[in-house]
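The values are calculated or read from the model by the stated rules, or taken from the named source; none is laboratory data. Just so it is clear, the structure is predicted and the values come from calculations on it, not from any experiment. Here the Cβ positions follow ideal geometry from the backbone for every residue, glycine too, while neighbour counts run over all protein chains shown. For the accessible areas, the whole protein counts, side chains as well, though only heavy atoms, and no ligand, DNA or RNA atoms are used. Shrake-Rupley method; radii C 1.70, N 1.55, O 1.52, S 1.80 Å.
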Amino acid sequence: MKLKYFIPIIALLGSCSVSKTSNQSQKLSDDELLTLVQKQTYKYFYEGAEPISGLSRERYHSDNIYPQNDKDVIATGASGFGIMGTIVAIERKFITREQGYTHLKKGIDFLAKADRFHGVWPHWILPSGKAKAFGKNDDAGDLVETSFLAQALVCVRQYYAKGNDQEKALAQKADELWKGIDWNFYRKNNENVLYWHWSPNSGWKMNFAITGYNECLITYIMAACSPTHGVPPEVYHQGWAKSGAINTNINLYGHPVKLKHNVVGESVGPLFWAHYSYLGLNPKGLKDKYADYWEENKSHTLINYDYAIANPKGYKGYGKNSWGLTASYSVKGYAAHMPNEDFGVISPTAALSSYPYAPKESMQVMRHLYEDMKDKVWGEFGFYDAYSETANWYPKRYIGIDQGPIVVMIENGRTGLLWKLFMSAPEIQTGLTKLGFTYSK
């Protein structure tokens, strides 16, 4: 941003406490392995949560070495992913419904009292609830991280809509928080584009307009869907889609790409661009005049798969069982790994969170990591953030925003749970239609 933690099959039915045993005595089925990976990874957001808020830490280092002294920094986006993961954990009985409610209430109560800037949370929050600067002039509102959290709040509302009185009250609080986000303010004087940051200290000095294509589609979707501070369609079409300049027409390893990935030119960006916006937003059947988002994400995934098999730089271990480039820890500190920026580092979240798009290829990686690489890559909160066989580099460290999509996207691939919740919200349906999307109900 350990000992051996192999869990016997019987532990799949137990509590969320960590088991420390030798390797499993028999091979797990695909379903058992998927469940195990989800359960162990979710522990990051439950057992490993920041204790005061109950929300997601930015990072967790099993060696307890934190050069930036940031062990208890809360990450807004990762907290949203963890909130969605808690719904998975309840449904899969990793925790009880009562435990899930208590955990969610603690986090949502904290968010209600934490610093917000025109309804927008900062990238990082201290356990006191105060904003922690992410960078120079980036010390307050972060619209993109907030949008990752907002999609989770919508899911909580939908999940508890027909619950008991306590659950309905929590749903109401989640609803109030997401409806309190002033998306329109972040247009900077009503421009037809959204801006990533605003600070009461430096105003619009960051001056970072959010334009496509990257991980921020969900930011525009949430802004358009808001019934209280919704933005008009022109903000999406002129800002995000750049009046049509978002489109391209390239082909990599036989896979067509219709959206121009920011910065990288005639290639594709890190794989988290196919994950963060689609934890709630269902890309199956999702189309507008710019793209078929299921086909785009599937192409993005399979380009990574075929790139690893081609392995143009000759890195050790790359292939059908070890593929997936995304932002993570790296041999060079932290890097947004992609075909144009490949340092020989594989990030397990890349392939695992792509399970809905390429289940067979994703399972190959999951099984290889769990059965062959074992404790080199597996610890108390699931697979570590990244590794490099070329550099013989296996750090026992996690980043919250990488762990969260593993739990949620695997579940979406299995049952569509979060997709169904998010897409069932009437505001989401109205907003998507307003922007010219067609989608599956």
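General observations
- Dipole-positive endmost among THR35, PHE381, HIS261 within the chain (Cβ charges, Cα centre): THR35
- Relative intensity, log₁₀ I(q)/I(0), of the chain from a Debye sum that treats every alpha carbon as a point, q = 0.08, 0.11, 0.13 Å⁻¹: -0.40, -0.80, -1.17
- Note on GLU411: accessible area is roughly 10 Å² with a 1.4 Å probe, heavy atoms of protein only.
- Inter-probe distance in nm under a simple model that places probes 7 Å from Cα toward Cβ, at GLU47 and ASP306: 4.1 nm
- Note on LYS376 and LYS420: the extension gain reaches 12.3 nm, defined as 0.36 nm multiplied by sequence separation minus the Cα-Cα distance.
- Each Lys and Arg contributes +1 and each Asp and Glu -1, all at the Cβ; summed about the Cα centre of segment 392-441, the dipole is approximately 80 debye.
- Nearest-20 debye value, segment 283-441 charge dipole, Cβ charges on Lys, Arg, Asp, Glu: 200 debye
- Whichever lysines have a C-alpha closer than 16 Å to that of LYS374, once near sequence neighbours (fewer than 8 apart) are set aside: LYS2, LYS4, LYS20, LYS27, LYS396
- With N as its number of residues, segment 66-124 has a Cα radius of gyration that, divided by 2.2 N^0.38 Å, comes to 1.30.
- Distance violations [Cα-Cα > 31 Å] among LYS39/LYS284; LYS43/LYS173; LYS71/LYS242: LYS71/LYS242
- Where segment 51-124 is the region considered: accessible area per residue in Å², 1.4 Å probe: 38 Å²
- Unit charges on C-beta of K, R, D, E only; dipole of the chain, Debye: 340 debye
- Phi-based couplings in Hz for segment 135-152 (Karplus 6.51, -1.76, 1.60; Gly and Pro marked x): x, 4, 6, 10, 10, 8, x, 10, 5, 6, 4, 5, 5, 5, 6, 4, 4, 5
- Taking amide hydrogens as placed 1.01 Å from N in the peptide plane, the amide H of LEU252 sits under 5 Å from those of VAL257, each at least 5 positions away in sequence or on another chain.
- Surface composition of the chain: carbon and sulfur atoms hold 50% of the protein heavy-atom accessible area at a 1.4 Å probe.
- Computed FRET value (nearest 0.05) for ASP30 with ALA245, which takes r as the C-beta separation and R₀ as 35 Å: 0.25
- Förster radius 25 Å - calculated FRET efficiency between THR438 and ALA209, Cβ distance, rounded to 0.05: 0.40
- Here LYS106 and LYS313 are evaluated by their C-beta separation; at R0 = 60 Å the FRET efficiency comes out at 0.85.
- All Cα pairs of segment 95-215, percent lying beyond 23 Å: 35 percent
- In order along segment 293-306, the phi-based Karplus estimate (6.51 cos²θ - 1.76 cosθ + 1.60, θ = phi - 60°) of 3J(HN,Hα) comes to 6, 5, 5, 4, 5, 5, 4, 4, 5, 6, 5, 5, 4, 5 Hz; Gly and Pro are listed as x.
- Net length available on complete extension from ASP70 to LYS332 is 92.4 nm, with 0.36 nm assigned per residue and the Cα-Cα distance removed.
- Surface per residue (accessible, 1.4 Å probe) for segment 255-362, Å²: 32 Å²
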